[in-house]
Amino acid sequence: MSSALTSKSASSIIEAVLRRDPNESEFIQSVQEAIHSLERVIAKNTHYVRILERLLEPERMLVFRVPWIDDKGESHVNRGFRIQFSQSLGPCRGGLRFNPSMNLSVAKFLGFEQTLKNALSPYKLGGAGGGSDFDPKGKSENEIMRFCQSFMQELHRYLGPNQDLPAEDMGVGPREMGFLFGQYRRLAGHFQGSFTGARIFLSGSSLRTEATSYGLVYFAQLMLAEMNKELKGLRCVVSGSGKIAMHVLDKLVAFGALPVTVSDSRGYLVDEDGFDYMKVAFVRDIKVQQRSLREYCKTYTRSKYYEDAKPWNERCDLAFPCAAQNEIGQSDAVNLVSSGCRILIEGSTMPCTPQAVDVLRKANVLVAPAKAAGAGGVAAGELELNQECNAIQWSPEEFEHKLQEAMKSTYQRTTKAAADFGYSKECPEALVHGAAISAFLTLAQAMTEQGCV
């Protein structure tokens, strides 16, 4: 009786979201995945239904016009977004994404996922997401600067170290963050709370981007250790060729794994011999010069570039999707399973469509969700902002040790929550459910204590 009642409650939450935001497909997909993971939690305590209803409505949604002038003196207008999803655990942290695909649904889904990711971390942080449909590709440095300044002109009043600090995401790197922070500092009138952190590691550059990627590989290591296996010699397919994907390649090479692919919006590159440091550096050069990945094949003849294709049909032990949401569809998942993939580590947020998730689950492919496996960036951001850090120069080794500790603790919290609610280690979705459960229970406790706010 109670189980029928709860499933009705869980489905009624989804129905309410569908009624309120019928066209927000990415956000609805994200909510459905989370509620699927929380079914047993809601069954144990129906009070959580009310909490979940409140959590799914962002605290603040900012949508604003961003006018800017190009180098020819012509005016353009883009749309800016910032979704401060939840501050019940502390000030917001979350990325800014500059990409033509950015809209309210994507901003809300990123903010919701970031809220769960931050709640899973050991830090007291709220979650946010946002950005703009501006495309930095093909724009001059001055055009990007003018856009960033206009974007910050509106957003600065809602930011601050005790309210919301944005971080990098797709299309936003150190250059964009520098322009955004410069304008924020000018408008806010103080230096406190640099978005990119204190920038004290590795000759003055932030390790936050590397930390997300390294964390993904450490998480894979922790999963393999449970099976008495190691990364060395394992064949890995990686999608994307941006910051996250390239640092994943670096760390896989360091651990003796065999990463064999990278991809971009036009196709993918496979190197049968696997990438090494020299080859990774070569791919980076190609990307910096905005040339095609096809150029790689002229230098390394045991490689091949496939136009309009994805790397998921290449033989592999592990997959690291690091490109974009929903990059793995049903047929891609079927290809992955046929290619021998046993573990999938989510580098991008929500990389699998619901149909792909079903295929992977039925084939018993273990999935590490981005909210747990991608926690390295959260850890690095907080380590950078920690005031004690400013007094000492950390070596990369010390930083990596702290990062490994943070990933281990995230992994343990995830597996414990899964076990507490009856998901065995063999369950392919144990980590997916465990991450959502642990994050939600942390948020629910804070929200209960703070009353109906």
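The values are calculated or read from the model by the stated rules, or taken from the named source; none is laboratory data. Computed from a predicted structure; not experimentally measured. FYI the Cβ positions are ideal-geometry reconstructions off the backbone, even for glycines, and counts take in every protein chain you see. We work out accessible area using only protein heavy atoms, side chains counted, and drop any ligands, DNA or RNA first. Shrake-Rupley method; radii C 1.70, N 1.55, O 1.52, S 1.80 Å.
Assorted remarks:
- Selection status of V41, under 28 Å from G451 (Cβ atoms), open to solvent by less than 60 Å² (accessible area, probe 1.4 Å) and in contact with a Ser or Thr (Cβ under 7 Å, 6 or more places away or on another chain): no
- Close Cβ contacts (under 8 Å, 6 or more residues apart or on different chains) running from residues in the stretch 365-380 that are within 18 Å of G126 (Cα to Cα) to residues that are of a type in the set (D, E) and in a helix (DSSP H, G or I) comprise A370/E113; K371/E113; A380/E210.
- Selection over the stretch 73-93 of residues that are assigned to a strand (DSSP E or B) and either in contact with a Leu (Cβ under 7 Å, 6 or more places away or on another chain) or free of Cβ contacts under 8 Å to residues at least 60 places away in the same chain (or both) gives a count of 11.
- Only a single item in (1) at pLDDT 75 or above; (2) of a type outside the set (V, I, T); (3) open to solvent by 20 Å² or more (accessible area, probe 1.4 Å); (4) in a helix (DSSP H, G or I) is not met by N364, and it is number (4).
- Single residue of the stretch 306-331 satisfying the filter (without any contact (Cβ under 8 Å) to a residue 60 or more places away in the chain and open to solvent by less than 20 Å² (accessible area, probe 1.4 Å)) that is nearest to the chain's Cα centre (by Cα): I328
- Within the set T410, T415, T353, the sole residue that is open to solvent by 30 Å² or more (accessible area, probe 1.4 Å) and at pLDDT 95 or above turns out to be T415.
- Extreme residue, farthest from the chain's Cα centre (by Cα), among residues of the stretch 65-84 that are open to solvent by 20 Å² or more (accessible area, probe 1.4 Å) and closer than 22 Å to E24 by Cβ: R65
- Residues located in the stretch 289-322, provided they are in contact with a Ser or Thr (Cβ under 8 Å, 6 or more places away or on another chain) and either part of a helix (DSSP H, G or I) or of a type in the set (K, R) (or both): L293, Y296, C297, K310, P311, W312, N313, R315
- Being in contact with a strand residue (DSSP E or B) (Cβ under 6 Å, 6 or more places away or on another chain) and either in a loop (DSSP other than H, G, I, E, B) or in contact (Cβ under 8 Å) with a residue 24 or more places away in the chain (or both) is a property that A119 lacks.
- Residues that are among the hydroxyl-bearing types (S, T, Y) and under 14 Å from F320 (Cβ atoms) were ranked within the stretch 332-350; the one that is surrounded by the fewest Cβ atoms within 10 Å (Cβ to Cβ) is S339.
- Among (1) open to solvent by 20 Å² or more (accessible area, probe 1.4 Å); (2) in the same structural domain as P174 (by the TED database) - the single one M102 does not satisfy: (1)
- Within the stretch 262-303, restricting attention to residues that are among the acidic types (D, E) and open to solvent by less than 40 Å² (accessible area, probe 1.4 Å), the residue that is farthest from G233 (Cα to Cα) is D264.
- Of note, V280 does not satisfy the criterion of being under 29 Å from N103 (Cβ atoms) and either free of Cβ contacts under 8 Å to residues at least 24 places away in the same chain or not small (G, A, S) (or both).
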